[in-house]
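Let me begin by presenting the structure, written as structure tokens, before commenting on it.
None of the figures in this text is laboratory data; all of them are computed from the coordinates on show. Everything numeric here is computed off the predicted structure, so don't read it as measured data. Cβ atoms come from the backbone with ideal geometry, glycine included; neighbour counts cover every protein chain shown.
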Amino acid sequence: VDSYDVVVVGSGPCGATYARTILEWVPAARVLLVESGPVVSRPPGRHVRTIADPKERLAAQLASQGPHSQPADWDALLAQVSAPPRGLAAAYAARPGTWLLGADAVQPGEDGMVVAALSSNVGGMGAHWSGACPPPGPGERITDLPAAELDQALAAARSLLRVTQTAFASAPLGAQVRSILAGHYDEAREPARRVQPMPLALEIGRNGERYWTGPHAILEPLLDGRAPGFELRPETTARQILTSGERATGLVLHDRRADRLYQVGARAVVVAADPLRSPQLLWASGIRPEALGHYLNDQPQVCGTVRLPKRLAPAGGGRHQVRDGSVDNLSGVSWVPYDRVRFPFHGQIMQMDASPVPVDSSFETWPGSIVELSMFAVKEIRYEDCLTFDESTADYFGLPSIKIHYNLTSSDRALISDLVAEVERMTEFLGESVTGAPEVYPTGSSIHYQGTVRLGPADDGLSVCSPHSRVWGTRNVYVGGNGVIPTPTACNPTLTSVALSVLGARELVRGLT
Ligand SMILES: Cc1cc2nc3c(=O)[nH]c(=O)nc-3n(C[C@H](O)[C@H](O)[C@H](O)COP(=O)(O)OP(=O)(O)OC[C@H]3O[C@@H](n4cnc5c(N)ncnc54)[C@H](O)[C@@H]3O)c2cc1C
């Protein structure tokens, strides 16, 4: 049996962060990173939207879609590349590079998490994401860690993800939109929590090309033999963690290409397999802290699309930033931070040159004139919102199938109504709606699932792992991903999850040396 110091399960931003941090601290360590899905981009883990050729990009997105990676109608999908569905229609469909757990997971009579989504590829969702990396604010922040330690880890995460607020510094009408929003939302806010450009994991090349960062940027120093002890093994599913008492001793892996099960030894195991599948693997391995799979939450999402007033159009119309055939039609992103008391929402405000929905030919747009309001709220966190696993039916990857038990509470519904009213208000002071009334997206739309392997201060049944992500009842099993976040949040969670992975990795290496 081949043996490793650490086996990391899942190659998204969090698994990549564990591998990178462990090897930074212990360069001689043998680290195996296993990933159920295939390599879909080069170098491995690179963001799929950096693939210029639409056909190649579509192939990479499809290859990430697990059971839906072999579409029946390639041509119909290719036709959609230049005009992808938007708004509510898109919210009910799987986003490119993701697949939906589907109706089988939803329990009859419950709200369910109807569009619970997953990605299965090297880089995970981090090869498909939008890269918004706002830091959590008061109320969202984890308080089970010393504030200075969390801040330092968030800074490390920003550096790993190459987060910047200047990617769209010259975006047309960006400053004007922020100034209008600031007039309505900045009063009594601390400077760090005022309206500002969205921190983004994004680099703009000299030719204006966009490069979303993520798993590849994190893994870069380990690839191509630069870290001799590192191995990335795609198309390999972890089926079970082997244990002896409180220690993990190895894993059962499934080579998906050869359809072969085999074992590897491990001195420590990291499970960073997303908030739905990390608890699945722990459960399948008999590692079942009482809170495992519970406290599941997803941020309710409400969206609207606005056209700015004509008086903001530059003389001559300005030069359109978004060229035909562009990978997306984004020309700038701003942020209205969460404020527990006055604005219990998170605003991701995206500007575009063109309307995302079909409109008649007389509909005039100019650079930055279309503003998409993508707004998130916190969900009430409850034990009964949970995942269960059914050993009698295996899923596509051979693990117990996942069932979701999930309901919105009356206070969730009240907050969603408030958010609808807020989007109406925002629409009014920015311009005119393009899409009519704000759209309440189906549960699961945010793709920010949290809580299922949550951290907590003590092994008291209310959490799955310690503040440094070690699973309770084990000495050497760590978890990573949004599932670790225990707090109600409205902001995009990946920056926080990567920060927690840095802290988990640092504690893990102390046990190795
Ligand atoms: C379209 C889109 C836009 C997004 N935009 C943002 C955004 O702007 N900001 C933000 O913060 N977040 C965003 N997200 C979410 C973000 O991508 C995730 O938070 C992030 O990728 C989570 O990282 P992770 O490493 O925990 O998990 P993932 O990236 O989900 O990776 C987990 C990996 O584990 C693998 N895996 C699962 N089970 C096993 C197993 N048993 N064995 C081996 N491998 C396994 C999976 O195949 C997967 O590749 C977006 C997501 C999508 C899809």
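Just to be sure I understand, how many residues within the stretch 184-204 are in contact with a Gly (Cβ under 8 Å, 6 or more places away or on another chain) and farther than 24 Å from ARG425 by Cα?
So the count comes out to 3.
Inspect the stretch 46-55 for any residue being touching a Ser or Thr at 6+ places or on another chain (Cβ under 7 Å), under 18 Å from ILE218 (Cβ atoms) and in a helix (DSSP H, G or I) and give the result as yes or no.
Yes: one or more hits.
For the stretch 44-55, how many residues meet the condition of being out of contact with any Phe, Trp or Tyr (no Cβ under 7 Å at 6 or more places or on another chain) and either within 11 Å of the ligand (Cβ to nearest atom) or basic (Lys, Arg) (or both)?
Residues of the stretch 44-55 out of contact with any Phe, Trp or Tyr (no Cβ under 7 Å at 6 or more places or on another chain): 44-46, 48, 51-55.
If we keep only those that are either within 11 Å of the ligand (Cβ to nearest atom) or basic (Lys, Arg) (or both) too, we end up with 45-46, 48, 55.
The qualifying residues number 4.
Looking at the stretch 463-475 only, could you name the residues that are in contact with a Lys or Arg (Cβ under 8 Å, 6 or more places away or on another chain) and crowded, with 24+ Cβ neighbours inside 10 Å?
Hits for the stretch 463-475 are SER463, VAL464, CYS465.
If you take the residues of the stretch 165-189 that are small (Gly, Ala, Ser) and surrounded by fewer than 19 Cβ atoms within 10 Å (Cβ to Cβ), which of them is farthest from GLY137 (Cα to Cα)?
Among those that are small (Gly, Ala, Ser) and surrounded by fewer than 19 Cβ atoms within 10 Å (Cβ to Cβ), it is SER170.
Any residue that is within 11 Å of the ligand (Cβ to nearest atom) and among the small types (Gly, Ala, Ser) - is there at least one of those in the stretch 244-264?
No, that holds for no residue.
Looking only at the stretch 21-43, how many residues end up being within 12 Å of the ligand (Cβ to nearest atom) and either crowded, with 23+ Cβ neighbours inside 10 Å or on the phi > 0 side of the Ramachandran plot (or both)?
Residues meeting the conditions: 7.
Checking the conditions here, which among GLY137, GLY112 is in contact (Cβ under 8 Å) with a residue 24 or more places away in the chain and buried (at least 21 other Cβ atoms within 10 Å of the Cβ)?
GLY112
Mind checking which residues of the stretch 190-218 are within 16 Å of HIS47 (Cα to Cα), surrounded by fewer than 18 Cβ atoms within 10 Å (Cβ to Cβ) and either near the ligand (Cβ under 10 Å from one of its atoms) or of a type in the set (D, E, K, R) (or both)?
Once the filter is applied, which keeps residues that are within 16 Å of HIS47 (Cα to Cα), surrounded by fewer than 18 Cβ atoms within 10 Å (Cβ to Cβ) and either near the ligand (Cβ under 10 Å from one of its atoms) or of a type in the set (D, E, K, R) (or both), the stretch 190-218 yields GLU203, GLU209.
Is there a residue being touching a strand residue (DSSP E or B) at 6+ places or on another chain (Cβ under 8 Å), among the aromatic types (Phe, Trp, Tyr) and surrounded by fewer than 20 Cβ atoms within 10 Å (Cβ to Cβ) anywhere in the stretch 219-234?
No, the stretch 219-234 contains no residue that is touching a strand residue (DSSP E or B) at 6+ places or on another chain (Cβ under 8 Å), among the aromatic types (Phe, Trp, Tyr) and surrounded by fewer than 20 Cβ atoms within 10 Å (Cβ to Cβ).
Output the number of residues of the stretch 93-116 satisfying the condition of being touching a strand residue (DSSP E or B) at 6+ places or on another chain (Cβ under 9 Å) and more than 6 Å from the ligand (Cβ to nearest atom).
The number of residues fulfilling the criteria is 15.
Between residues in the stretch 381-399 that are within 22 Å of ALA238 (Cα to Cα) and residues that are β-branched (Val, Ile, Thr) and assigned to a strand (DSSP E or B), which pairs lie under 7 Å by C-beta distance while being six or more apart or on different chains?
Close Cβ pairs (under 7 Å, with a partner that is β-branched (Val, Ile, Thr) and assigned to a strand (DSSP E or B)) amount to LEU387/ILE402; LEU387/ILE404; PHE389/ILE402; ASP395/ILE402; PHE397/THR237; GLY398/THR237.
For the stretch 19-45, enumerate the residues that are part of a helix (DSSP H, G or I) and of a type outside the set (Gly, Ala, Ser). Working first, answer last.
Here is the first cut: in the stretch 19-45, the ones part of a helix (DSSP H, G or I) are 19-25.
Across the stretch 19-45, the qualifying residues are ARG20, THR21, ILE22, LEU23, GLU24, TRP25.
From the list ARG95, ARG42, ARG30, which one is charged (D, E, K, R) and either free of Cβ contacts under 8 Å to residues at least 40 places away in the same chain or in contact with a Pro (Cβ under 8 Å, 6 or more places away or on another chain) (or both)?
Going through ARG95, ARG42, ARG30 in turn, the sole match is ARG42.
Examine the stretch 455-462 for a residue that is within 30 Å of LEU251 (Cα to Cα), free of Cβ contacts under 8 Å to residues at least 24 places away in the same chain and in a loop (DSSP other than H, G, I, E, B), and state whether such a residue exists.
Going through the stretch 455-462, the residues within 30 Å of LEU251 (Cα to Cα) turn out to be 455-462.
The next check asks that each one be free of Cβ contacts under 8 Å to residues at least 24 places away in the same chain; those that pass are 458, 460.
In the following step, the residues that additionally are in a loop (DSSP other than H, G, I, E, B) were identified as 458, 460.
Yes, the stretch 455-462 contains a residue that is within 30 Å of LEU251 (Cα to Cα), free of Cβ contacts under 8 Å to residues at least 24 places away in the same chain and in a loop (DSSP other than H, G, I, E, B).
Starting from the stretch 279-293, keep only residues that are under 17 Å from LEU455 (Cα atoms), then list their pairs with residues that are assigned to a helix (DSSP H, G or I) and among the aromatic types (Phe, Trp, Tyr) whose Cβ atoms are within a distance under 8 Å, requiring at least 6 positions of separation or different chains.
Going by the 8 Å Cβ cut-off, the qualifying pairs are LEU292/TRP283; GLY293/TRP283.
Among the residues that make up the stretch 407-415, is at least one of them in contact (Cβ under 8 Å) with a residue 40 or more places away in the chain, within 16 Å of the ligand (Cβ to nearest atom) and not in a loop (DSSP other than H, G, I, E, B)?
no
Out of TYR18, TYR4, I need the residue that is within 30 Å of ARG158 (Cβ to Cβ) and within 12 Å of the ligand (Cβ to nearest atom). Which one?
Residue meeting the stated conditions: TYR18.
What is the residue count in the stretch 251-271 for residues that are in contact (Cβ under 8 Å) with a residue 60 or more places away in the chain and closer than 12 Å to SER36 by Cα?
3
Kindly check whether there is at least one residue in the stretch 153-163 that is buried (at least 20 other Cβ atoms within 10 Å of the Cβ) and in a strand (DSSP E or B).
yes
Filter the stretch 247-289 down to residues that are small (Gly, Ala, Ser) and in a strand (DSSP E or B) and give me whichever is surrounded by the fewest Cβ atoms within 10 Å (Cβ to Cβ).
GLY265
Starting from the stretch 474-490, take each residue that is in a strand (DSSP E or B) and list its partners that are near the ligand (Cβ under 9 Å from one of its atoms), counting only C-beta distances under 6 angstrom and pairs at least six apart or across chains.
From the stretch 474-490, the pairs are VAL479/VAL271; VAL479/SER278.
Please state which one of ALA127, ALA175, ALA153 is of a type in the set (A, V, I, L, M, F, W, C) and in contact with a His (Cβ under 7 Å, 6 or more places away or on another chain).
ALA127
Matching residues to (1) of a type in the set (Gly, Ala, Ser); (2) surrounded by fewer than 24 Cβ atoms within 10 Å (Cβ to Cβ); (3) within 20 Å of ALA19 (Cα to Cα); (4) away from the ligand (no atom under 14 Å from the Cβ):
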| residue | (1), (2), (3), (4) |
| --- | --- |
| GLY431 | yes, yes, no, yes |
| ALA437 | yes, yes, no, yes |
| VAL453 | no, no, yes, no |
| VAL477 | no, no, yes, no |
| GLY480 | yes, no, yes, no |
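Are any of the residues in the stretch 59-69 without any contact (Cβ under 8 Å) to a residue 24 or more places away in the chain and away from the ligand (no atom under 16 Å from the Cβ)?
Yes, that holds for at least one residue.
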